[in-house]
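The values are calculated or read from the model by the stated rules, or taken from the named source; none is laboratory data. As the structure is a prediction and not an experimental result, all values here were calculated from the model. Counting neighbours? That spans all protein chains shown, and the Cβs are built from the backbone with ideal geometry, glycine included.
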Protein chains: 2
Amino acid sequence: MTTIRDVAKEAGLSTGTISKALSHPERVSKKNLEKVEAAILKLNYKPNMLAQKFRSNTANTIVVMVPDIANLFFAKVISGIESVAQRAGYNVLLGDTRDSSNKEKDFIRMVETRLADGVINLRPYKENDSLLPKAGVFAVSASSCEGTPYSSVRIDNAGAANKVVRHLIQQGHKRIGVISGLKTNPHTRDRMKGYLQALESQGIEFDESLVIEGDFNYWSGISAAEQFYHMENRPSAVFCMNDEMAIAAMKGFIDKGLRIPQDISITGFDDMDVSKYVVPTLTTVAQPAEKIGEKSAEMLLDMIQGKVTENKEYVFPYEFIIRESTSAFTEKTK
Amino acid sequence: MTTIRDVAKEAGLSTGTISKALSHPERVSKKNLEKVEAAILKLNYKPNMLAQKFRSNTANTIVVMVPDIANLFFAKVISGIESVAQRAGYNVLLGDTRDSSNKEKDFIRMVETRLADGVINLRPYKENDSLLPKAGVFAVSASSCEGTPYSSVRIDNAGAANKVVRHLIQQGHKRIGVISGLKTNPHTRDRMKGYLQALESQGIEFDESLVIEGDFNYWSGISAAEQFYHMENRPSAVFCMNDEMAIAAMKGFIDKGLRIPQDISITGFDDMDVSKYVVPTLTTVAQPAEKIGEKSAEMLLDMIQGKVTENKEYVFPYEFIIRESTSAFTEKTK
DNA sequence: CTGAAAGCGCTAACAT
DNA sequence: ATGTTAGCGCTTTCAG
């Protein structure tokens with residue numbers, strides 16, 4: 001292995017000069033700079049970045065904790081994070097936690113042990129079930145929920161849900177079902193809040209039996225659709241808390257012979273790519289996933305670099321996209 | 001910052017003992033082990049892993065280079081990589097290259113500068129356009145193509161394409177269109193090879209006009225469908241080189257009033273989750289993405305740990321999944 | 001602008 | 001089993 005000392009010897013200079021030539025070339029004479037370059041080339045010298053980081057005590061690395069990297073929404077957020085990090089000369093360490101707080105602990109430890117400078121968490125904050133915030137570790141919560149007690153970036157989930165449901169109501173729907181995420185999930189909570197607000201503002205009474213708990217995955221959407229299908233007084237529209245369940249529900253209803261949107265309107269949440277592809281295309285809420293990632297990374301870097309000290313919350317606008325899966329309520333044409 | 005020396009002082013032991021207590025607790029007396037533990041707890045000591053890595057000259061990190069992390073197939077491969085790496089105590093650094101070889105260079109440099117021990121590349125090997133293999137950097141190509149000159153993990157793309165097309169032919173189709181990836185893409189090449197083999201083995205002459213070049217993205221599928229639609233002698237089946245273009249093509253044909261599969265059969269490649277959701281569901285080839293990731297990581301770790309020295313190629317079985325988007329050829333019922 | 005030298009926090013001989 | 005000590009490769013004063 002060739003070290004900085006070898007280069008120094010080859011160039012007939014001191015290690016200090018080599019070091020400076022590498023980090024602050026403008027403070028080294030042109031003549032010596034050339035010598036250094038030549039020596040490096042000749043010896044094929046590659047600085048040991050581990051030593052560099054150790055010595056300078058800065059990892060230039062952030063870790064991203066994600067419950068499931070094979071989830072397109074998360075992948076997009078990460079993509080945004082990566083691009084900002086890269087531009088700033090930071091590396092991103094991937095922390096697939098599989099929703100295990102044990103693993104989260106390991107990843108947080110990385111910043112405590114100086115392997116990383118900060119962490120971005122893609123799992124929304126939940127009281128009594130969160131390792132963050134933690135003193136001494138810079139962190140931001142990306143795609144967070146209301147009331148996150150550390151820096152966070154999100155959309156107004158409640159507001160978006162409210163908007164969707166109001167739209168449905170304005171279309172004449174009165175019995176509006178919900179396929180929710182797990183009830184313990186913070187996003188479920190926020191979106192539920194919006195649903196309730198919409199009903200209330202329009203003077204519609206809440207009917208608990210119209211809420212079926214899902215888990216944000218495909219099969220729970222199928223199963224919920226089945227349950228709705230067999231209801232005596234079936235809702236004329238269903239607000240699904242993500243696109244995956246919405247698409248599943250559509251499939252479930254279609255397989256039972258219902259037409260969408262003529263017989264039942266469906267809305268999703270997230271605007272995955274697929275939502276444009278499915279037949280009928282899905283009315284949904286678009287979250288700027290990539291931008292959420294970018295903003296999160298920017299905020300974290302600002303904290304790491306000491307440009308910002310207090311916690312901040314950044315709320316992105318969402319976009320309500322009306323497609324083919326919803327239509328005005330019409331009396332059953334059984 | 002509290003260092004190992006502080007702990008030593010607090011515990012009344014030497015730094016050497018503390019170090020050993022941390023790495024080889026079995027070689028330290030129980031009594032002292034307790035003292036160490038107490039001191040660590042009291043001082044809230046966190047070992048500086050940067051120092052550790054520097055000293056031991058091992059990063060325990062692998063980097064994954066991916067052309068686009070927001071591509072579900074890649075995300076799944078990464079998920080597999082992560083789980084193996086994690087289990088082995090390795091971290092994974094994410095390298096979103098956006099298909100730029102400049103960025104690839106930076107990431108490869110990470111292993112040259114000891115920041116990482118090896119690299120997994122998700123971009124298939126292409127002659128005269130590859131920074132890998134490179135002396136001194138352990139690497140494996142995941143989801144690779146035929147003829148990759150370093151360790152690689154893939155499925156038999158040509159074989160899979162052959163199988164799909166033969167199936168179509170056995171169903172009575174004779175004019176079989178292709179929506180390919182970019183012609184320069186190695187996977188396009190391998191799959192094209194399978195297509196040609198299938199035609200030849202069944203005595204069907206190749207018609208170049210039936211191949212439309214796409215780029216693996218949605219819009220290219222739409223545009224290709226449009227072109228096929230306007231052909232005088234339209235094919236009765238279209239082999240698409242990935243699911244995204246297949247789904248787009250279906251949408252394109254449906255919007256023109258064609259029925260799938262009655263008027264035209266469509267096949268995909270990859271078996272994305274969506275492919276089960278779309279209407280009609282898509283006949284396609286499933287690649288074990290997660291397993292490809294796992295195997296790649298295992299191979300890389302074996303190389304890093306010196307268990308394996310020569311290059312290996314691992315070929316996973318694929319799965320041909322027949323769904324609703326294909327059916328037997330019938331004379332036009334115009 | 002350059003060189004000398006100290007030392008970052010830790011590990012791993014080696015000696016005890 | 002434990003302590004002592006010499007660095008790992010680099011950066012960064014501090015003199016010159």
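Among the residues of the stretch A:52-64, write down those that are of a type in the set (D, E, K, R) and more than 7 Å from chain B (Cβ to nearest Cβ). Scanning the stretch A:52-64 gives a single hit, A:ARG55. No other residue among B:GLY221, B:GLY257, B:GLY268 is under 20 Å from B:PHE329 (Cα atoms) and in contact with an Asp or Glu (Cβ under 7 Å, 6 or more places away or on another chain) apart from B:GLY268. Put simply, of A:LYS53, A:LYS9, A:LYS46 the only residue that is touching a Phe, Trp or Tyr at 6+ places or on another chain (Cβ under 8 Å), within 12 Å of DNA strand D (Cβ to nearest atom) and of a type outside the set (A, V, I, L, M, F, W, C) is A:LYS53. Taken over the stretch A:74-89, residues that are more than 7 Å from chain B (Cβ to nearest Cβ) and surrounded by 22 or more Cβ atoms within 10 Å (Cβ to Cβ) amount to 5. For the stretch A:270-291, the count of residues that are at pLDDT 95 or above, touching a Ser or Thr at 6+ places or on another chain (Cβ under 6 Å) and farther than 27 Å from B:MET245 by Cα is zero.
Put simply, of B:GLN170, B:GLN227, B:GLN197 the only residue that is under 15 Å from B:ILE264 (Cβ atoms) and not assigned by TED's automatic domain parsing to the domain that holds B:GLU294 is B:GLN227. For the stretch A:280-311, the set of residues classified as within 14 Å of chain B (Cβ to nearest Cβ) and either part of a loop (DSSP other than H, G, I, E, B) or farther than 22 Å from A:GLY118 by Cβ (or both) consists of A:PRO280, A:THR281, A:LEU282, A:GLN287, A:PRO288, listed by residue number. With the condition kept exactly as written, say whether any residue in the stretch A:312-326 is touching a Lys or Arg at 6+ places or on another chain (Cβ under 6 Å), assigned to a helix (DSSP H, G or I), surrounded by fewer than 21 Cβ atoms within 10 Å (Cβ to Cβ) and among the hydroxyl-bearing types (Ser, Thr, Tyr). Within the stretch A:312-326, not a single residue is touching a Lys or Arg at 6+ places or on another chain (Cβ under 6 Å), assigned to a helix (DSSP H, G or I), surrounded by fewer than 21 Cβ atoms within 10 Å (Cβ to Cβ) and among the hydroxyl-bearing types (Ser, Thr, Tyr). Test of understanding: among B:ASP99, B:ASP106, B:ASP68, which residue is under 37 Å from the mean Cα position of the chain (by Cα), more than 12 Å from DNA strand C (Cβ to nearest atom) and without any contact (Cβ under 8 Å) to a residue 24 or more places away in the chain? Only one candidate passes the filter, namely B:ASP106.
Of the residues in the stretch A:8-51, how many are assigned to a helix (DSSP H, G or I), within 14 Å of chain B (Cβ to nearest Cβ) and either near DNA strand C (Cβ under 7 Å from one of its atoms) or of a type outside the set (Gly, Ala, Ser) (or both)? Residues flagged as assigned to a helix (DSSP H, G or I), within 14 Å of chain B (Cβ to nearest Cβ) and either near DNA strand C (Cβ under 7 Å from one of its atoms) or of a type outside the set (Gly, Ala, Ser) (or both) within the stretch A:8-51 amount to 5. On the stretch given as the stretch B:97-113, residues that are of a type outside the set (Phe, Trp, Tyr) and out of contact with any Lys or Arg (no Cβ under 8 Å at 6 or more places or on another chain) total 9.
Taken together, the residues in the stretch A:90-114 that are at the interface with another protein chain (Cβ under 7 Å from one of its Cβ atoms) and of a type in the set (A, V, I, L, M) amount to 3. Residues considered: A:THR309, A:THR281. Of these, the only one that is outside the structural domain of A:THR188 (by TED's automatic domain parsing), free of Cβ contacts under 8 Å to residues at least 60 places away in the same chain, surrounded by fewer than 21 Cβ atoms within 10 Å (Cβ to Cβ) and not acidic (Asp, Glu) is A:THR309. Scanning the stretch B:149-160 turns up one or more residues that are buried (at least 16 other Cβ atoms within 10 Å of the Cβ) and basic (Lys, Arg).
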